[in-house]
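Here is the structure we will look at, set down as structure tokens.
The values are calculated or read from the model by the stated rules, or taken from the named source; none is laboratory data. From a predicted model like this one, the values you see are computed outputs, not experimental measurements. No Cβ is skipped: glycine too gets one built from the backbone with ideal geometry, and neighbour counts run over all protein chains shown.
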Amino acid sequence: MPLVVEKLNHTYMKGGPYETAALQDISFTIEDGEFVGLIGHTGSGKSTLVQHLNGLLQPDSGRVFVDGVDLADKTADRKQIRCKVGLVFQYAENQLFEETVEKDIAFGPKNLGLDPVEIDRRVREAMRQVALDYDTISKKSVFELSGGQMRRAAIAGVLAMKPSVLVLDEPCAGLDPRGREEILSLIKELHETCGATIVMVSHSMDDVAQLAERVLVMDHARLVMDGTPEEVFTHGDELRKMGLDVPQVVQLCEQLRARGFDIPERVYRMEEIRGILLNCLAKGEHHAQ
């Protein structure tokens, strides 16, 4: 189910004194099973863009196609589209409102008019996918959960709708290191074991480098880069001019090259630099000045 964006434009407060262009001429295609990282400085248009991917916002011009359906088509079934493209907002736990975890996760499937047996099956499966134990947690209030558990419960509520594409807007925002690691592991597993198409908005270049297969870079409402992590993160100077940075591994490689180490270009993952450094040390390059 490819997701196609064509010449997308969106302006806030159009015609007013505070008119702001949020998206300008954005085009890209995301194929089935891709893991795409979406990065950009605050205000670059990332959150506005992802809200167009399931029809929450409508463009001023341009089109978004989900499984061949134009979201601007007034005859399009928006409820069905939002089942196919699940959107997890930043601080998604703020959307939790039911009295128990089970009821909150069941909210979406129930609104689809599914029978109780299917709803129960989806709730149990979604909780299993996010590593929440049904027997011990389902009857608890969502407010009894830890921050990481609340975030996972919110994601489970979206997964229970059976989306083909999962869009996550800053999924680790506000979490402690343990909660952050839990969420990143969950996202990686959903992609690898379930084959889900993932679009992840993140300010963490390290998270994007570790998980994404492709990176889209937004700057002042425009899509300015689209490539593999290796391709994108070699443009360190350009990214810094946009108010971004590069992964810590890339920063380390830059510093090592400046000191005379023979470090290849396009290294951006920890497992890669570890082997390269061991090889350099074995060759005696640790004497480089």
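Within the stretch 114-131, one or more residues are at pLDDT 95 or above and of a type in the set (Gly, Ala, Ser).
Yes/no per residue for (1) hydrophobic (A, V, I, L, M, F, W, C); (2) surrounded by fewer than 23 Cβ atoms within 10 Å (Cβ to Cβ); (3) under 10 Å from residue 37 (Cβ atoms):
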{"site": "159", "(1), (2), (3)": "yes, no, no"}
{"site": "180", "(1), (2), (3)": "no, yes, no"}
{"site": "185", "(1), (2), (3)": "no, yes, no"}
{"site": "193", "(1), (2), (3)": "no, yes, no"}
{"site": "203", "(1), (2), (3)": "no, yes, no"}
{"site": "206", "(1), (2), (3)": "no, yes, no"}
{"site": "213", "(1), (2), (3)": "no, yes, yes"}
{"site": "221", "(1), (2), (3)": "yes, yes, no"}
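Only residues that are farther than 14 Å from residue 41 by Cβ and either touching a Phe, Trp or Tyr at 6+ places or on another chain (Cβ under 7 Å) or not in a helix (DSSP H, G or I) (or both) were counted in the stretch 209-228, giving 9. For the stretch 77-89, state whether one or more residues are aliphatic (A, V, I, L, M) and over 18 Å from the mean Cα position of the chain (by Cα). Yes, that holds for at least one residue.
Figure legend. Inter-residue proximity from the stretch 68-92: first residues on the phi < 0 side of the Ramachandran plot, second residues hydroxyl-bearing (Ser, Thr, Tyr) and at pLDDT 85 or above, beta-carbon distance below 8 Å, spacing 6+ or different chains. Indicated pairs: 84/164; 85/164; 90/47. Checking the stretch 82-94 against the condition returns no match, with no residue being in contact with a Leu (Cβ under 9 Å, 6 or more places away or on another chain), at pLDDT 95 or above, assigned to a helix (DSSP H, G or I) and not acidic (Asp, Glu).
The residues of the stretch 104-147 that are surrounded by fewer than 20 Cβ atoms within 10 Å (Cβ to Cβ) and either closer than 20 Å to residue 198 by Cα or among the aromatic types (Phe, Trp, Tyr) (or both), listed by number, are 107, 125, 128, 129, 131, 134, 143. The residue of the stretch 81-98 that is surrounded by the most Cβ atoms within 10 Å (Cβ to Cβ), among those that are under 19 Å from residue 30 (Cα atoms) and out of contact with any helix residue (DSSP H, G or I) (no Cβ under 6 Å at 6 or more places or on another chain), is 85. Does residue 44 count as crowded, with 18+ Cβ neighbours inside 10 Å and of a type in the set (S, T, N, Q)? In short, yes.
Looking across the stretch 21-39, the residues that are touching a Gly at 6+ places or on another chain (Cβ under 9 Å), assigned to a strand (DSSP E or B) and on the phi < 0 side of the Ramachandran plot come down to 21, 22, 23, 24, 26, 27. In the stretch 185-202, the residues that are closer than 16 Å to residue 89 by Cβ form Cβ pairs under 6 Å with partners that are surrounded by 14 or more Cβ atoms within 10 Å (Cβ to Cβ) and acidic (Asp, Glu), at six or more places apart or across chains, as follows: 201/169; 201/170. Answer yes or no: is there a residue in the stretch 163-172 that is touching a Cys at 6+ places or on another chain (Cβ under 7 Å) and in contact (Cβ under 8 Å) with a residue 40 or more places away in the chain. Yes, some residue in the stretch 163-172 is touching a Cys at 6+ places or on another chain (Cβ under 7 Å) and in contact (Cβ under 8 Å) with a residue 40 or more places away in the chain. Among the numbered conditions (1) more than 27 Å from residue 122 (Cβ to Cβ); (2) of a type in the set (Asp, Glu); (3) crowded, with 20+ Cβ neighbours inside 10 Å; (4) in contact with a Phe, Trp or Tyr (Cβ under 6 Å, 6 or more places away or on another chain), the only one that residue 169 does not meet is (1).
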